[in-house]
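Just below is one structure, and these are the notes that go with it.
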Amino acid sequence: MKKNWIFFLLVSLFVISACDNDIDLTAEFKDIPIVYGLISSNDDVHYVKIQRAFLGSQDDNNALEIAQNPDSLYYTNLDVKLQRAGTDDIYSLSPVSAVDEGFEREEGIFAQEPNTVYKLILPDGEELVEGAEYILRINRGDDQPEVTASTILVEEFSVTNPSSAGDISIRYRQFTMGWRKKAGAAFYDVKIFIHYLEQNPENPSEFLEKTLIWDIARNLDADTGSPSAFSFQFDGEEFYRFIGAELDDNQGFSRILSSFDFVIDAGGQELFDFINIGSANTGITASQVIPTYTNLSEGFGVFSSRYRLIHAGFTLNSEGRDSLANGIYTSDLGFN
């Protein structure tokens, strides 16, 4: 069963939102929803994290006590739905334990249990429509206004270069990748998953399967270049330099490059804005106040979409294998 892993990285930012500089700790109580979630056509299970910020006294000890009280962090009777805009396609999300779903909350100042998330499993035979707008609707009851957020579901796309799996050449020069642009994608992250076999020094007849992940580029703006296609270049020399930096000298045992996969993550506009605003005010010239982005009608957080393309099954041609076995960055690693 696939799970929406990027969402759980976003959840860690709950603390930042809950402690936003614009919140007046001496103000009267106000319900402040905190929501993080991503939907994807890659996933058959979708999760949304919904909590609330609390306003306590300026007494640090009192604030820590409140943080350990689940009633301060969670709503008790939320009605959470996902609707395809302009249609009657409406799906209900159910509260479940994140621990039971296989996700542990990191230890910290907030209560460990319960760790509630809202889960959507589509009915049999149904799936989210790529390129369509979806609206998250949260009803808190008590005559409070509905909390909404919307996103365009990132559409599946395909790589045009390299076009198909097999032997390819990665030289000490620029390597060009290309893929088709599709609806909903505002930015791309690019990685290469490098799969190899490593001889077990304690049992030379055994080879262990291992993987290196080369994070090539992040936050590539989808608006650049052609309206229908995206082109990206990386330095092929860096491919070998990365492997050389990540692996120790072989110490007499062998390694074999099995294959490598090009992995492209596309993200929605809301997620792109969330990342950019969060990083725009960093560095030596930054002010102390970090701007807050949200696409919720009320509260803080982000609801957006993503799609992961895995273009798999590539190997190096004879020229590339020679560079790996005898090149200046990797000759001592035991590749053959």
Assuming Thr224 fulfils every condition listed in (1) within 30 Å of Leu296 (Cα to Cα); (2) among the β-branched types (Val, Ile, Thr); (3) touching a His at 6+ places or on another chain (Cβ under 9 Å) apart from one, which condition is it? (3)
Residues located in region 233-272, provided they are over 23 Å from Asn203 (Cβ atoms), small (Gly, Ala, Ser) and either in contact with a strand residue (DSSP E or B) (Cβ under 9 Å, 6 or more places away or on another chain) or not assigned by TED's automatic domain parsing to the domain that holds Arg171 (or both): Gly236, Ser259, Ala266, Gly267, Gly268
So if I check each of Thr176, Thr224, Thr151, which one is in a strand (DSSP E or B) and out of contact with any Gly (no Cβ under 8 Å at 6 or more places or on another chain)? Thr176
Among the numbered criteria (1) over 25 Å from the mean Cα position of the chain (by Cα); (2) without any contact (Cβ under 8 Å) to a residue 12 or more places away in the chain, which single criterion is violated by Leu247? (2)
So Ser97 passes all but one of these: (1) within 30 Å of Phe232 (Cβ to Cβ); (2) modelled with pLDDT under 95; (3) of a type in the set (S, T, N, Q). Which condition number does it fail? (1)
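Considering only residues of region 113-137 that are part of a strand (DSSP E or B) and aliphatic (A, V, I, L, M), which is nearest to Gln51 (Cα to Cα)?
Per the criteria, the residue is Val117.
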Quick check on region 313-325. Is at least one of its residues at pLDDT below 95 and either among the aromatic types (Phe, Trp, Tyr) or surrounded by fewer than 20 Cβ atoms within 10 Å (Cβ to Cβ) (or both)? no
Scan region 42-69 for residues that are among the small types (Gly, Ala, Ser) and either at pLDDT 95 or above or touching a helix residue (DSSP H, G or I) at 6+ places or on another chain (Cβ under 7 Å) (or both) and jot them down. Ala53, Gly56
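The values are calculated or read from the model by the stated rules, or taken from the named source; none is laboratory data. Predicted model, so just to flag it, every value in this text is computed and none were measured. Neighbour counts are summed over all protein chains in view; Cβ atoms, including those assigned to glycine, are modelled from backbone coordinates with ideal geometry.
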